[in-house]
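Okay, so here's the structure we're looking at.
The values are calculated or read from the model by the stated rules, or taken from the named source; none is laboratory data. Worth saying up front: this structure is predicted, and the values here are computed from it rather than measured. Cβ sites come from the backbone with ideal geometry, for glycine too, and all protein chains shown count toward neighbours. Only protein heavy atoms, including side chains, enter the accessible area calculation; ligands, DNA and RNA are left aside. Shrake-Rupley method; radii C 1.70, N 1.55, O 1.52, S 1.80 Å.
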Amino acid sequence: MSAADWVLTSVMLVPIITTILPLIKHDHWIFRIFDFPRLQIAVVSLISIPLNLLFASHIGSVFWVLAIANVICLIYQTTQIIAYTPLARPQVQIYQGGEDDRTLSVLICNVLTSNKKSHLLLAQIRDYQPDIVLTLESDEWWQSQMDVLEQDGYGHTVKIPLDNLYGMHLYSRLTLEDVEVRHWVTEDIPSIKAKVQLRSGEYLHIYCLHPMPPSPTESATATDRDAELLLMGREVEFMDEPVLVFGDLNDVAWSSTSQLFQEISGLLDPRKGRGFFNTFHAKYPLFRWPLDHIFHSHDFMMHTIKVLPSVGSDHFPVYGKFQYHPKAAFIQEEPSADSDEIQEALDKIDKSEPIKQIVKEKY
C-alpha cells in the first residue's frame, strides 16, 4: 500500500473506532467524549467510502470489510441523532394560544469567565425580556456587570461568584422561594434549586445545573457529571409539580446519560423533532453540539426555543419561552424508566459517592 492508501484507510478506521468506544461502558473521558460528535462521525463515515473508491490505488477485501463497517456506523450514528431533526415527531407541542400569566421565559448563557463583552449579553436580555436569566462561569467581575439587571426588574437573585469556571448567577423577575444552593457531588461545583411563582400565582420548581465535563483538562471521568444529573432526575421523578431544568449540562442530548436522565425524571426535551440547537463551540462551526439545555415536565408546552447570536463566549446563549398548561399532560407522553434503567441510575450515583451538601437561602 502507498502512503496515500494508508491515509485513506485511516480515514475509514476513524468512524469505526469512535463509534465503538462509547459502546464500552467505561466512564473515562476517552470513551465518553465520542458521545458528542455523532453528526461529525456520521459525515466521516459517509465520505470515507467514495474517497477510497476515487483515490485509493488498490481496492481489496480490507476495503470492503471497512466499507461495510462504515455503513453500519453511519446507520447507528444516524439513529442516535435523528430524534433531534425535523424527521422525528416533536416531543413537545407548540402552544396555540397567546401569552398570559402562565407564560415563562428563560435565557441561559455560559458567559466564559475570561470574556469581557457583557454588553452583548445585556443587550440580548433587554431585547428578549426573559423572566429568568441564568449565567454560568460568572465570577465577581461578571456579577458587577450583571447586577444592573436588578434595576430592570430582576429583583430576585441567587449569586454564586466563583473563579473556578463554575460560578452561577440567577436573576428573576418572578418571586423565588425555598432557594437551595447545592453541592451535591463536589464541594466547588454548585447548583441551584428554587420555587418560582408564576404571575398566575401558581408555583413551579427550577433546577440550574453546570456539572463538570469528562475531558483531559477537567475531569478524567464522567462519573460525577452523570451522578449529578441522575440525582436530580431521581428527585424530580417523585414530584407531582411542574418542573424546569436548565443549564450547561456538559453533555449532549443524545448521550446515554441524557437519555437515562430523561427516562428517570420524566422530563421532556423541546428540541426533539426540531433540531440540534447547537450552543458550543461558538468559534468552531465544524465542531458544535448542544451542551446547554432546557428540560421541562409534560405540563408545559412551547412558544419558542432558539439559540441566540454570539456574546463573545465559547457558548451561544439559548432562549426558551414556555406555557404552563396542565392539560398538556394528557397529550404529551412522559418518558419512563424500567427497573433495569432505575438500577443503572442508582449504580452510577453510588459510584460517585455524592456529598449532598445544601445551603438554604431566604428570599
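Which members of the range 119-145 meet the condition of being over 22 Å from Phe322 (Cα atoms), out of contact with any Pro (no Cβ under 6 Å at 6 or more places or on another chain) and outside any helix (DSSP H, G or I)?
Glu137, Ser138
Would the range 207-226 turn up any residue that is among the hydrophobic types (A, V, I, L, M, F, W, C), open to solvent by 20 Å² or more (accessible area, probe 1.4 Å), under 17 Å from Phe31 (Cα atoms) and touching a residue at least 40 places away in the same chain (Cβ under 8 Å)?
The answer is yes; a qualifying residue exists.
Of (1) in contact (Cβ under 8 Å) with a residue 12 or more places away in the chain; (2) surrounded by fewer than 19 Cβ atoms within 10 Å (Cβ to Cβ); (3) more than 30 Å from Asp226 (Cβ to Cβ), Tyr76 satisfies all except one. Which?
(3)
Residues that are of a type in the set (A, V, I, L, M) and more than 24 Å from Ala88 (Cβ to Cβ): list the strands (runs of 3 or more DSSP E) wholly contained in the range 272-363 that include at least 2 such residues.
In the range 272-363, the matching strands (runs of 3 or more DSSP E) lie at 357-361.
In the range 257-271, what residues are closer than 15 Å to Ala83 by Cβ and not in a loop (DSSP other than H, G, I, E, B)?
Filtering the range 257-271 down to residues closer than 15 Å to Ala83 by Cβ leaves 258-263, 267-271.
Hits for the range 257-271 are Ser258, Gln259, Leu260, Phe261, Gln262, Glu263, Leu268.
I'm trying to understand the selection: among the residues of the range 185-206, which are modelled with pLDDT of 95 or more, surrounded by 14 or more Cβ atoms within 10 Å (Cβ to Cβ) and either farther than 20 Å from Ile355 by Cα or in contact with a helix residue (DSSP H, G or I) (Cβ under 6 Å, 6 or more places away or on another chain) (or both)?
Within the range 185-206, Lys195, Val196, Gln197, Leu198, Arg199, Glu202, Tyr203, Leu204, His205, Ile206 qualify.
Does Lys159 fit the bill of being within 27 Å of Ile355 (Cβ to Cβ), open to solvent by 60 Å² or more (accessible area, probe 1.4 Å), out of contact with any Lys or Arg (no Cβ under 7 Å at 6 or more places or on another chain) and modelled with pLDDT of 95 or more?
Here the answer is yes, as Lys159 does meet what is asked.
What are the residues in the range 227-256 that are in a helix (DSSP H, G or I) and either hydrophobic (A, V, I, L, M, F, W, C) or surrounded by fewer than 21 Cβ atoms within 10 Å (Cβ to Cβ) (or both), if any?
Result: Ala227, Leu229, Leu230, Leu231, Met232, Arg234, Glu235, Val236, Glu237, Ser256.
For the range 282-318, which residues satisfy the criterion of being open to solvent by less than 40 Å² (accessible area, probe 1.4 Å), within 13 Å of the chain's Cα centre (by Cα) and not β-branched (Val, Ile, Thr)?
Trp289, Pro290, Leu291, Asp292, His293, Phe295, His296, His315, Phe316, Pro317, listed by residue number.
Can you find even one residue in the range 259-269 that is without any contact (Cβ under 8 Å) to a residue 12 or more places away in the chain and within 13 Å of the chain's Cα centre (by Cα)?
The initial filter retains those residues of the range 259-269 that are without any contact (Cβ under 8 Å) to a residue 12 or more places away in the chain, namely 259.
If we keep only those that are within 13 Å of the chain's Cα centre (by Cα) as well, we get 259.
Yes.
If you take the residues in the range 117-142 that are surrounded by fewer than 17 Cβ atoms within 10 Å (Cβ to Cβ) and farther than 16 Å from Val311 by Cβ, which one is nearest to the chain's Cα centre (by Cα)?
In this case the residue turns out to be Gln129.
Which of the residues belonging to the range 14-39 are surrounded by fewer than 18 Cβ atoms within 10 Å (Cβ to Cβ) and under 17 Å from Ala253 (Cα atoms)?
Leu23, Ile33
Taking the stated definitions as given, is Gly273 over 25 Å from Ala345 (Cα atoms) and out of contact with any Pro (no Cβ under 9 Å at 6 or more places or on another chain)? Before you say what the answer is, go through the steps one by one.
Details: over 25 Å from Ala345 (Cα atoms): yes; out of contact with any Pro (no Cβ under 9 Å at 6 or more places or on another chain): no.
It is false that Gly273 is over 25 Å from Ala345 (Cα atoms) and out of contact with any Pro (no Cβ under 9 Å at 6 or more places or on another chain).
For the range 90-112, what are the residues that are within 21 Å of the chain's Cα centre (by Cα) and open to solvent by less than 20 Å² (accessible area, probe 1.4 Å)?
Val92, Leu104, Ser105, Val106, Leu107, Ile108, Cys109, Asn110, Val111
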